[in-house]
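Below you'll find the structure, written out as structure tokens, and then a few comments.
The values are calculated or read from the model by the stated rules, or taken from the named source; none is laboratory data. It should be emphasised that the depicted structure is a prediction, and the values quoted were computed from it without experimental measurement. All Cβ positions, glycine included, derive from the backbone under ideal geometry; neighbour counts span all protein chains shown. Surface accessibility is based on the protein's heavy atoms, side chains included, excluding ligands, DNA and RNA. Shrake-Rupley method; radii C 1.70, N 1.55, O 1.52, S 1.80 Å.
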Amino acid sequence: MHWSHAPVYWRAMSETPRSILQRVFGYHSFRGEQEAIIDTLLQGDDALVLMPTGGGKSLCYQIPALLRAGTAIVISPLISLMQDQVDALHELGVAAAVLNSSRSQSEQAATEQALLDGELDLLYMAPERLTRPRTLALLHRSPIALFAIDEAHCVSQWGHDFRSDYLELERLAGEFPQVPRVALTATAEPQTRAEIARRLHLDQARHFISSFDRPNIRYRITRKDKTRQQLLALLRREHPGDAGIVYCLSRNKVEATAAWLQQQGLDALPYHAGLPAEQRRQTQQRFLYEDGIIIVATIAFGMGIDKPDVRFVAHLDLPKSIEGYYQETGRAGRDGEPATAWLAYGLEDVIKLRQMLEGSGGSEEHKRRERLRLDAMLGLCELTACRRQALLQYFGEHDAPERCDNCDACLHPAPTRDATEDVRKALSCVYRTGQRFGVNHVIDVLRGGDTTKIRQFNHQNLSTWGIGRHLSTRAWRSIFRQLVARGLLRVDPEGFGALHLTEACRPVLRGEENIRLREDVTEKVSGRPRREASTLAEADQPLWQALRGLRKRLAERDGVPPYAIFNDHTLREMVASRPLHEPDLLRITGVGETKLARFGSDFLELIREFEYPDVESTS
Ligand code: ADP
Ligand code: ZN
């Protein structure tokens, strides 16, 4: 087995967290609170860690696992994720293993023996496995360095990811009082944090709370206008050859969109819960192991996929809440490299979601909460100020700067105008037509149309007929969208999308309040994510592609995803500094001693060929 001959030379007494960071992981400095968390565990104390996705939670227990005597037990909810982590650790030369029932009896027995013998640095397992009497007995006979409880929000009964097996983990405190425990999560809410501490008996734990900002993600929200073409432009111009996820609300739309992207020559695959399990498994596998696959999916896709180099997440339908939006967009750019979160939404989305919500079963209290969530999401969409600041504020971070310079609102501020006059016209037209019609008809009346419906109801005789000819249908739709989003108009769930005035209209109709609306401008796709692959100088492209090719071959040889060899950031540093000798290569982020030994000569040779293309032919 892999780990049995993993090098163990770094466990000399003189090792420190920093030297391990450098030698094993090839990184030069700790991020955020990593070092303080590691020190806490090394001192034998407990910790509760909140860090955003991609913040670098794993190192917080992996480094103590290498420094403390015994094996670190890592508890994680998803078997597929555990295997990915273990594979990545093997590439670093770390002795890690998984204990789960999908393995053969003899493999499991060998892993257990290795644990008893103290040969493992890390052992991953699911909570239900851990709390079996047999496993607990085994752990009592083995040297244990620490317990790391990943995705710790799974203990929260209020969260979406509740797992009853996680509740059983409370036993660890009593059964292993001497062993330090660390609980980690990317879920921000303070209630969840309190619940984790309570349920896992982490009363003495130090709390480490990081900002939830994802500075490398560029947030962009745009109005729908031939959505498929907009998406295609984004993929072709800004993300050629990149891996990403496109989210749609319905299964039909997932399949249609994937098929259309394939016709455009893109590597797009559909994913939703209605597809056969085997097809879903293969799709996930290709996404992880091949470069540049695009997954078109319902939100069923993403949970349990820990691919660090997802370069974009695109939403073709409006998410129901900011929580959902942030979780889904958070799957982009875990590796810290530039990534795009792009959302296109339109009037129909707003109407559809409002109708779904009002028409859903569920208590009034539930509906009220969902309404607030949707309103917050719409507010984010219609915002003219920095999106990031609004997102962070929503999650309780009130000290974010006013501008981030990495969202569409900061980069291309939308012009606003005083639209009070037009808003009054729109509202009175809804009123005059009896609050019984949907937006299309109301706009027809405003623009002085001559449709069957208008004649049927004699709406050409209304005082509001034709008072809105100065604006295009599209401009009116933009106004109505913003009015619904701001709650001046309500969509009747039963009446086929009929618009109703709300209390909030009164001051506007009475002339007591002015309304500023944003002008919808066509999105500028100019702002490219910073430092992305396609912004490499033209001259660097061949080397970049060659390095990716080499990485792919090595990944196939080892049966691991390409990023487990070296991630994009590491390859990009190689392109920039073109190392020719081992010491130069070691200076690159992500190159530690094991990877140097394993892959160094292949990469150096390739770079030398690029730097001195003639050497071979002349010698
Ligand atoms: P999380 O579990 O918090 O989502 P990970 O532990 O998977 O995040 O880390 C995200 C990425 O950041 C990984 O590719 C990891 O190797 C990298 N990383 C973590 N810490 C550092 C560091 N100190 N320097 C450079 N890269 C780091
Ligand atoms: Zn901003």
Taking region 87-145 and keeping only residues that are open to solvent by 60 Å² or more (accessible area, probe 1.4 Å), of a type outside the set (D, E, K, R) and within 30 Å of Arg23 (Cα to Cα), one is left with Gln113
When residues of region 399-436 are limited to those that are aliphatic (A, V, I, L, M) and not in a helix (DSSP H, G or I), the one nearest to ligand 2 (Cβ to nearest atom): Ala400
Considering residues that are open to solvent by 10 Å² or more (accessible area, probe 1.4 Å) and in contact with a helix residue (DSSP H, G or I) (Cβ under 6 Å, 6 or more places away or on another chain), the number found within region 321-334 is 1
When residues of region 338-377 are filtered for being in contact with a Leu (Cβ under 8 Å, 6 or more places away or on another chain), assigned to a helix (DSSP H, G or I) and open to solvent by less than 60 Å² (accessible area, probe 1.4 Å), how many remain? 9
Return yes or no: is Ile79 more than 16 Å from ligand 2 (Cβ to nearest atom), open to solvent by less than 30 Å² (accessible area, probe 1.4 Å) and either touching a Pro at 6+ places or on another chain (Cβ under 9 Å) or among the hydrophobic types (A, V, I, L, M, F, W, C) (or both)? no
For Arg481, the lone unmet condition from (1) farther than 13 Å from Glu348 by Cα; (2) modelled with pLDDT under 90; (3) among the basic types (Lys, Arg) is (1)
Number of positions in region 452-505 that are outside any helix (DSSP H, G or I) and more than 22 Å from Lys352 (Cβ to Cβ): 13
Helices (runs of 4 or more DSSP H) contained in region 145-238 and holding at least 3 residues more than 30 Å from Trp342 (Cα to Cα): 164-167, 171-175, 190-199
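Residues checked against (1) within 30 Å of Glu593 (Cα to Cα); (2) modelled with pLDDT of 95 or more; (3) among the polar types (S, T, N, Q):
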{"residue": "Asp87", "(1), (2), (3)": "yes, no, no"}
{"residue": "Glu91", "(1), (2), (3)": "yes, no, no"}
{"residue": "Val94", "(1), (2), (3)": "yes, yes, no"}
{"residue": "Glu107", "(1), (2), (3)": "yes, no, no"}
{"residue": "Gln113", "(1), (2), (3)": "yes, yes, yes"}
{"residue": "Gly118", "(1), (2), (3)": "yes, no, no"}
{"residue": "Tyr124", "(1), (2), (3)": "yes, yes, no"}
{"residue": "Glu128", "(1), (2), (3)": "no, no, no"}
{"residue": "Arg134", "(1), (2), (3)": "no, no, no"}
In the list Phe603, Phe610, Phe599, which residue meets the criterion of being more than 33 Å from the chain's Cα centre (by Cα) and away from ligand 1 (no atom under 13 Å from the Cβ)? Phe610
Every pair of residues 6+ apart whose Cβ atoms lie under 7 Å, when the first sits in region 123-151 and is farther than 17 Å from Ser80 by Cα and in contact (Cβ under 8 Å) with a residue 24 or more places away in the chain while the second is assigned to a loop (DSSP other than H, G, I, E, B) and of a type in the set (D, E, K, R): Ala145/Arg68; Leu146/Arg68
Number of the exception - Pro401 against (1) farther than 24 Å from Thr222 by Cα; (2) within 36 Å of the chain's Cα centre (by Cα); (3) open to solvent by 50 Å² or more (accessible area, probe 1.4 Å): (1)
Those residues of region 266-293 which are farther than 30 Å from Arg237 by Cα and outside any helix (DSSP H, G or I), in sequence order: Ala273, Gly274, Leu275, Pro276
In the set Tyr247, Tyr289, the lone residue that is surrounded by 22 or more Cβ atoms within 10 Å (Cβ to Cβ) and either more than 25 Å from Ser478 (Cα to Cα) or not assigned by TED's automatic domain parsing to the domain that holds Arg481 (or both) is Tyr247
Quick one: in region 197-242, which of the residues that are within 16 Å of ligand 1 (Cβ to nearest atom) and buried (at least 22 other Cβ atoms within 10 Å of the Cβ) is farthest from Glu170 (Cα to Cα)? Ile217
Count - residues of region 450-483 that are open to solvent by less than 20 Å² (accessible area, probe 1.4 Å) and either farther than 22 Å from Ile515 by Cα or among the small types (Gly, Ala, Ser) (or both): 5
Can you confirm whether region 494-507 contains a residue that is farther than 18 Å from Val350 by Cα and touching a helix residue (DSSP H, G or I) at 6+ places or on another chain (Cβ under 6 Å)? yes
How many of the residues making up region 179-195 are among the hydroxyl-bearing types (Ser, Thr, Tyr) and either assigned by TED's automatic domain parsing to the domain that holds Tyr326 or open to solvent by 10 Å² or more (accessible area, probe 1.4 Å) (or both)? 2
Neighbours by Cβ (under 6 Å, 6+ apart or cross-chain): first from region 381-409, at pLDDT below 90; second within 16 Å of ligand 1 (Cβ to nearest atom) and open to solvent by less than 30 Å² (accessible area, probe 1.4 Å): Phe395/Ala188; Phe395/Phe212
Where the second residue is open to solvent by less than 10 Å² (accessible area, probe 1.4 Å) and not in a loop (DSSP other than H, G, I, E, B) and the first is within 16 Å of ligand 2 (Cβ to nearest atom) and lies in region 47-71, which pairs have Cβ atoms under 8 Å and are six or more apart or on separate chains? none
